[in-house]
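The values are calculated or read from the model by the stated rules, or taken from the named source; none is laboratory data. Please read these numbers as outputs of a predicted model, since none were measured by experiment. Quick reminder, even Gly has a Cβ in these numbers, built from the backbone with ideal geometry, and neighbours come from all protein chains shown. What goes into the accessible areas is simple: the full protein's heavy atoms, side chains included, and nothing from ligands, DNA or RNA. Shrake-Rupley method; radii C 1.70, N 1.55, O 1.52, S 1.80 Å.
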Amino acid sequence: LFTLMGVLADPLIQFFFTKKWLPAVPYFRWLCIVAVFLPLSTYNTQLINVKGKSALYLRLNILEKSIFFIGIVLSIPFGISILLAVQAISAVMIYCINSFISTRLIEYSAIEQIGDILPSILLSLVIGLGIYFLDSQITGLSNLLRLFYGFILGGGTYWVTSRYIGLTS
């Protein structure tokens, strides 16, 4: 979903907020990258919490907020684009830290986690590229039609392909 939202950011922003908001498209795309990593990171921190390690959970949350805060402070002088890029990098770092810690508790390493989700990520990236190129060819259509085609074709292709290759049951 976030891949498609990032790819279709231009018609999405225009449809919901009008053309004057188009300068926000690159920022929205960075936020879509951040949003991909947040559920993965939350999964790992919740595992730590479920295992009864509330003190560790608290320390990881403080570390997470500190990383985000330091990233914000260091990137403010360079503008919003750099700030959002740093936030995306921070989200990846936090995922790595959280998954490393949770590995010790449940014996499910970050490499195994990435291996399990990598086919889904690769599929969404391939479909995202396809929708990006399709959308670049149909810019003359209304934003609603561009969104319709993008989400229906992208989501449908993802669903059918993931069922075909066994990603979902």
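Observations on the model:
- Computed from the C-beta positions of Trp21 and Ser136, the FRET efficiency with R₀ = 30 Å rounds to 0.95.
- Label-reachable residues, the range 100-143, where backbone N falls under 18 Å from a point 7 Å from Phe28's Cα toward its Cβ: 128-129, 131-143
- Between the Cα long axis of helix 54-75 and the first principal axis of the chain there is an angle of about 50°, rounded to the nearest 10.
- The figure for Thr103 is an accessible area of roughly 40 square angstrom, using a 1.4 Å probe on the protein chains alone.
- Simple rule: put +1 on each Lys or Arg Cβ and -1 on each Asp or Glu Cβ in the chain, find the dipole, and look at Val50, Ile117, Ile76; the Cα lying farthest toward the positive end is Ile76.
- Selected from Ile89, Leu167, Ile101, residue furthest toward positive end of dipole (the range 41-169; charges at beta carbon): Ile101
- The range 23-108 - percent relative contact order, Cα under 8 Å, separation 6 or more: 44
- A compact globular protein would have a Cα radius of gyration near 2.2 N^0.38 Å; the ratio found for the chain is 1.19.
- Only protein atoms count toward the accessible area here, which uses a 1.4 Å probe; on the range 72-133, the carbon and sulfur part of that area reaches 79 percent.
- Using a Förster distance of 25 Å, the FRET efficiency for Ile76-Leu129 (Cβ separation, nearest 0.05): 0.15
- Two-site FRET efficiency, Arg59 against Leu153, from Cβ-Cβ distance with R₀ of 41 Å, rounded to 0.05: 0.35
- Based on Cα contacts under 8 Å between residues 6+ apart, the chain shows a relative contact order of 29 percent.
- Helix 25-50 and the longest principal axis of the C-alpha atoms of the chain enclose an angle of approximately 30°.
- Given +1 at the Cβ of Lys and Arg, -1 at the Cβ of Asp and Glu and no other charges, the dipole of the range 1-137 around its Cα centre is 400 debye to the nearest 20.
- Crossing angle, helix 110-137 versus the chain [Cα axis fit, 0-90 degrees, rounded to tens]: 20
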